[in-house]
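Some notes on the structure that comes next.
Please treat every number below as a calculation from the coordinates, not as lab data. Keep in mind the model is a prediction, meaning the values are calculated, not measured. Quick reminder, even Gly has a Cβ in these numbers, built from the backbone with ideal geometry, and neighbours come from all protein chains shown.
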Amino acid sequence: MTDRYAVFGNPIGHSRSPRLHAAFAEQTGQAMRYEAIEAPVADFATAWQRFVADGGRGANVTVPFKETAFALADTLTPRARLAGAVNTLSVTPEGGTHGDTTDGVGLVRDLEAHAAPLDGARVLLLGAGGASRGVIEPLLDAGVASLTIANRTVAKAEALAQLFAERGEVEGCGFEAVTGPFDLVVNATSASLAGDLPPLPEGLFGVGGLAYDMMYAAEPTVFLRWAGAQGARTVDGLGMLIEQAAASFALWRGVEPETAPLYAALRQTL
Ligand code: NDP
């Protein structure tokens, strides 16, 4: 029987994951199926159990199930525990559910692919939700010199900074309190989805500074347009999507797919 994988979300119709994993499977000669499953918002657990009973081997998990998947997993990787969220589930040989997250490594790989300043860099992370929490450890592991977390709800940024305080120079604040310059500014808020720009002061970017928006769209987001006007280099989150998918694929199948050929193909579909 062909191994089954899926992405669970609600809604899920827009997901590009089936296309990505089909391309990875073809490229690496893996016999597998990958589908999109819309689980009921209130009952992800039953949908997952049914999928496993039907031969499911693993799944990606997206909005709004990342925290539910975290709670449901029998075992977790240290990075998933730190992120407080799971985007990759695997069925263990004993039939248990193992949770991991590849969002953080996906972001860092894409930043590296764009020659982003990381080692010794001063980094500003906008937002204190699930996506933000998941990328903090990988950014610190990449050697950033300082990390400022700024959020609309300031207490959430401060609590998140506290959680990682032992790991280095990490501080939390509100948008207006941010003082640059930064080498890298990552927008992990969902403000771009609504066409909103967080109220950021001007002069945030140092020379050669890079602005990264986790959101991606056919046109540059309002944050990337603003950052470009400030003289920053701009990159959207399409590559993060591709890289986190590739990292999940490698966890399941033990083989690293090539991601470069997917960028242009996926960009055309936006
Ligand atoms: P959450 O809902 O967990 O967090 C949302 C964050 O955005 C909070 O910090 C919230 O602030 C802030 N926010 C929302 N609206 C505004 C606004 N109008 N102005 C300022 N701040 C705002 O979402 P996630 O962390 O899961 O996702 C964040 C973004 O990252 C989404 O756009 C998502 O699509 C993207 N993403 C992209 C990935 C990729 O592969 N490219 C992977 C994962 C996420 P507050 O705390 O005050 O409410």
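General observations
- If both residues of a DSSP beta bridge must be in the chain, then about 15% of such bridges are antiparallel.
- Our analysis of the range 104-236 gives Rg over Rh at 0.92, with the two radii drawn from alpha carbon positions and Rh computed by the Kirkwood formula.
- Extended-chain gain in nm, criterion 0.36 nm per residue less alpha-carbon gap, Ala155 and Met1: 50.4 nm
- Based on every Cα atom in the range 98-143, Rg and the maximum pairwise Cα distance Dmax equal 10.8, 34 Å.
- With contacts taken as Cα pairs under 8 Å and at least 6 residues apart, the chain reaches a relative contact order of 15 percent.
- Cα gyration tensor category, rounded, prolate or oblate, for the range 1-135 with a/c compared to 1.5: prolate
- For q = 0.10, 0.14, 0.17 Å⁻¹, Debye-computed log10 I/I(0) when each Cα of the chain counts as one equal scatterer: -0.50, -0.97, -1.36
- Distance-filtered residues of the range 147-188 - backbone nitrogen under 13 Å, label point 7 angstrom along Asp196 Cα→Cβ: 151-154, 175
- Of the peptides 115-125, 179-189, the ranking by mean beta-carbon count within 10 Å, highest at the top, reads 179-189, 115-125.
- On full extension, the segment bounded by Arg81 and Glu112 gains 8.7 nm, given 0.36 nm per residue less the C-alpha separation.
- Euclidean distance between Cα centres, the range 170-228 to the range 23-55, Å: 34 Å
- The simple spin-label model puts a point 7 Å past each Cα toward its Cβ; for Ala177 and Val63 those points are separated by 2.7 nm.
- Entry note, the chain: the mean residue ellipticity at 222 nm calculated from DSSP H runs of n ≥ 4, each adding -39500 (n - 2.57), is -11000 deg cm²/dmol after division by the residues and rounding to the nearest 500.
- The calculated FRET efficiency for the pair Gln162 and Ala53, based on their C-beta separation and a Förster distance of 35 Å, comes to about 0.25.
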